[in-house]
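Visitor: Structure in structure tokens, see below.
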Amino acid sequence: MTDEPLQPSGPAISAMVLAGGQSSRLGRDKAFLMVNGQPLVAHTVRKLAALSDDLLLITNNPTPYEPLRLPVRLVPDERRGEGALMGIYSGLKAARHSHALAVACDMPFLNLPLLRSMLPLIIGYDVVIPRIDGSLEPLHAIYSKACLPFMARLLEQGQRQIIAFFPQVRVRYLGEEEIDRFDPQHLSFVNVNTPEDWERARKLLE
């Protein structure tokens, strides 16, 4: 079953799915876990298609994804083995719009109304990012191309912490009261990193 074709509200953005993790703790490729009869990566892409006309899948191994025929552009990291910051940087450089939403491929409960509520907030900001219990969610955030030189500087310095460049840009933090309007259980930010995570997610999906 496909998601209803909700129209984005706010400026046009690109959307990227990061699929670069090794899935070592899970023991199998998390992008291909089955959700509602389809691989998790396909489930995620189809959700994001309601938000953007420019979808990117950030991966250094495109071969497994090609048979899925997803409506995405496959984008490799500019340099391999440098973590999620490199994935966001590479996708943002390739994005057709001035801003790009970045999510991980292992988030089965992405909430379209919450994501749509973030779009108008990019006006006047370079990053829009949720903050839960004082912790930031950099793989559920929107970045502008103005972030690229600051990301590049971090990468050149060998730093991998995504939020390390935030003092140099304009950041709009999405507070819990704003998140709770759409996702009071904060399921949007659930990741599948271990077999236990996947078992818990499966029960919630059922």
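Visitor: From the list L174, L204, L148, pick out the single residue that is over 15 Å from H99 (Cβ atoms) and of a type in the set (A, V, I, L, M). Outline the logic, then answer.
Guide: Numbers: L174 fails: over 15 Å from H99 (Cβ atoms); L148 fails: over 15 Å from H99 (Cβ atoms).
Within the list L174, L204, L148, the selection yields L204.
Visitor: Checking Q185 against (1) out of contact with any strand residue (DSSP E or B) (no Cβ under 6 Å at 6 or more places or on another chain); (2) assigned to a helix (DSSP H, G or I), which test does it fail?
Guide: (2)
Visitor: Here's another thing I want to ask about it. Exactly one of these conditions fails for A164: (1) among the small types (G, A, S); (2) in a helix (DSSP H, G or I); (3) out of contact with any helix residue (DSSP H, G or I) (no Cβ under 9 Å at 6 or more places or on another chain). Give me its number.
Guide: Every condition holds for A164 apart from (3).
Visitor: Looking at (1) within 13 Å of the chain's Cα centre (by Cα); (2) part of a loop (DSSP other than H, G, I, E, B), which is the only condition I129 fails?
Guide: I129 satisfies every listed condition except (2).
Visitor: Surrounded by fewer than 20 Cβ atoms within 10 Å (Cβ to Cβ), over 30 Å from L204 (Cα atoms) and in contact with a Ser or Thr (Cβ under 9 Å, 6 or more places away or on another chain): which single residue out of R73, R96, R153 fits that description? Break it down stepwise before answering.
Guide: Details: R73 fails: in contact with a Ser or Thr (Cβ under 9 Å, 6 or more places away or on another chain); R153 fails: in contact with a Ser or Thr (Cβ under 9 Å, 6 or more places away or on another chain).
Step by step, each of R73, R96, R153 is checked, and only R96 is surrounded by fewer than 20 Cβ atoms within 10 Å (Cβ to Cβ), over 30 Å from L204 (Cα atoms) and in contact with a Ser or Thr (Cβ under 9 Å, 6 or more places away or on another chain).
Visitor: Go through the residues of segment 104-125 one by one and say whether even a single one is outside any helix (DSSP H, G or I), at pLDDT 95 or above, under 24 Å from P184 (Cα atoms) and not hydrophobic (A, V, I, L, M, F, W, C).
Guide: Yes, segment 104-125 has at least one match.
Visitor: Just to verify a result, which residue in segment 188-206, among those that are under 19 Å from the mean Cα position of the chain (by Cα) and part of a helix (DSSP H, G or I), is farthest from E78 (Cα to Cα)?
Guide: Applying the filter and picking the extreme gives A201.
The values are calculated or read from the model by the stated rules, or taken from the named source; none is laboratory data. The structure displayed is predicted, hence computed values, not measured ones. Neighbour counts are summed over all protein chains in view; Cβ atoms, including those assigned to glycine, are modelled from backbone coordinates with ideal geometry.
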